[in-house]
1. Residue by residue through region A:78-88, what is 3J(HN,Hα) from phi via Karplus (6.51 cos²θ - 1.76 cosθ + 1.60, θ = phi - 60°)? Round to whole Hz and write x for glycine and proline.
2. Given a Förster distance of 35 angstrom, what is the FRET efficiency for B:THR56 paired with A:ARG121, based on the Cβ-Cβ distance and rounded to 0.05?
3. Per residue of A:44-52, count partner chain C-beta atoms within 10 Å of its C-beta, then hand back the mean as an integer.
4. Just counting partner chain Cβ atoms within 10 Å, what average do the residues of peptide A:60-70 show around their Cβ?
5. Once you have a ≥ b ≥ c as the square roots of the Cα gyration tensor eigenvalues for region B:1-123, tell me rounded if a/c is under 1.5, and otherwise prolate or oblate according to whether a/b is larger than b/c.
6. Between copies, how far apart are the B:GLU279 label points? List them in nm, one decimal, shortest first, with each point 7 Å from Cα toward Cβ, please?
7. List the distances, in nm to one decimal, from the label point of B:LEU20 to the label points of the same position in every other copy, shortest first, placing each label point 7 Å from Cα along the Cα-to-Cβ direction.
8. Calculate the spin-label point distance for A:ASP145 paired with B:GLU28, positioning each point 7 Å from the Cα along the beta-carbon direction, and give it in nanometres.
Protein chains: 2
Amino acid sequence: MNVSGLSLRDLEYAVAVAELGSFVKAAERCHVSQPSLSVQIGKLEARLGALLFERTTRRLIVTPQGRVLIEQMRRILLEAGNLLALCSEATQPFGGALRLSAIATLGPYYFPRVLQGLRARYPELSLVLGEGRTDDLTGALLRGDLDAVLVAAPIEDPGLASAALFHEPFLMACPKGHSAASRKDLGWSGLQPRERLLLEEGHCLRDQAIAACAEVHPGARHATSLETLKYMVAAGEGCTLVPALAAGQEAGVDYASLRGAEYRRTIVLAWRASDPRNEAFADLAQRLRDLSPDGVESAS
Amino acid sequence: MNVSGLSLRDLEYAVAVAELGSFVKAAERCHVSQPSLSVQIGKLEARLGALLFERTTRRLIVTPQGRVLIEQMRRILLEAGNLLALCSEATQPFGGALRLSAIATLGPYYFPRVLQGLRARYPELSLVLGEGRTDDLTGALLRGDLDAVLVAAPIEDPGLASAALFHEPFLMACPKGHSAASRKDLGWSGLQPRERLLLEEGHCLRDQAIAACAEVHPGARHATSLETLKYMVAAGEGCTLVPALAAGQEAGVDYASLRGAEYRRTIVLAWRASDPRNEAFADLAQRLRDLSPDGVESAS
DNA sequence: TAAAAATACTCCATAGGTATTTTAT
DNA sequence: ATAAAATACCTATGGAGTATTTTTA
């Protein structure tokens, strides 16, 4: 069996069926009729000499063999996508479209401050922005569903390349008039456990804040979003750590800076190490460094 | 432009043209007529929106864009090859064919001692054996021209995975009756520079021997093959270091073992880190460990 | 002028569509 | 009974072939 016999289209079909668990849905996604897709999958299985799916009219499961084969098909399609990316790269950076997502505690505060500057550097670029949690973002990145992400260092995954953009200090947000706000020497460690507000588990900011300044206390209260957290502070529930860019002009909240270099997180741009558009990402990182907003320290 | 529009066959055509620098030769390799290949390349260039080749009837050069695009096409084809490998893998280990090469100072002495054992474990496997220098072997491996290689540790390339098979001691080969052969305490370092024979530069064995036991001396004499080196020893030209498996029953040569764990090289099986047949390679490595011939120390 | 690539055209293999049947719950 | 996959059959796109022309060293 020869590689040239394979068609990328067929691989897309198989991957779609595996992902959606249904021929009809896969046919829909691939913009072909269900019978066409059926026969193509059949031919593919014949060519590969292996059953990919066990199907009855009611249930469709991927065979054990199919799992590893479809995993490999994904790799092929990812590389094929890279080829197309390289092509449009030739005409303009990132081929005119970049899917960029940031961690939720950064994106809403950061994107608005750099979008205009990015537009100036990449006038034709259509940015597709998003937010999420670190694991979801890196997962989507590795799957090829995203082109790049903005997350907090360190990035451990060997499949990812990254470039540091800036260091973002943590500020302490306290209810207006709270003692910790006026007495700067008090700081985070001087707070009672019940005064410490934190994000729910799973937010990378929580991990960063804990790593930088605190342990989890049994009495600590939690919130699921940074905005909610700030409202809780304004309501006098206690104090919390807030990344500098997320600090606003909320009525009822005072922000105090914390002394010490460790009270900060480093934001990096990350992309797939296998992505051939390396120089383009390096250029983007430099541009983002140049655009570093007030309140953070650009990473050289 | 959609990935499904691309055909692996077209990518093979483009890669063949780039490699052979000629449409006629590429058409020949791809078993199509020259006009067919011409129009397919033309369509591919149109689809990609980029010229791959600048061609006149006399000269054909790959455009700068074409270089990076074809590099990417190679990656796609490599992954596609992996898919096929995985398929035949399903029926039998390594899909019935394994291209395995070893460094020249190992292969001729090692292969004969393990082939029978391999045949027992992989009765259907058709082994394609070869020899070469480390750099050539790893290059061919990374290009996809080989499936696995047997080389000396360490393997630095991050694109390669490896598993240690055994430690092979170096023996000192001396002319029969030479003082070093009888006086074991003399050893390699006790030799005169002019008595030290080495392989020419470029042989990994030379590097290993030098790293293990010696520096290069200006007066040292060299040979291009291990066999020649042994003949030189038999002719009384001097002594040399010989890996244990290469030590034979040559008339006129005495072998003395050297004390010390550092007088040895470690042979590893290496394959592409991206090769999806990881377990199969691990199994092969274990089998080879079990088959370690006398004179070497199996790596657990 | 000779060798290589491009063009013109013809053919047919096959992907895809519609209509229908089979199958499992 | 119903929803999903498979089958039958037809159409048409486009890949491959042969013959020929164009181009340049």
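Read-outs: derived from the displayed coordinates by stated rules, not from any lab. Computed from a prediction, not measured in an experiment: that's the story for all the values here. FYI the Cβ positions are ideal-geometry reconstructions off the backbone, even for glycines, and counts take in every protein chain you see.
1. Taking θ as phi minus 60°, the curve returns 5, 5, 5, x, 4, 4, 4, 4, 4, 5, 5 Hz for region A:78-88.
2. On the way: r = 39 Å, r/R0 = 1.11.
In this case the efficiency is close to 0.35.
3. Numbers: counts 0, 0, 0, 2, 6, 5, 6, 1, 0.
Going residue by residue through A:44-52 and averaging, the value is 2.
4. Working: counts 0, 0, 0, 1, 1, 4, 0, 0, 7, 7, 1.
The mean count of partner-chain Cβ atoms within 10 Å per residue comes to 2.
5. On the way: a/c = 2.86, a/b = 2.03, b/c = 1.41.
It is prolate, given that a/c is not under 1.5 and a/b is the larger ratio.
6. 4.3
7. Reported distances to equivalent positions: 4.1 nm.
8. So the two model labels end up 5.0 nm from each other.
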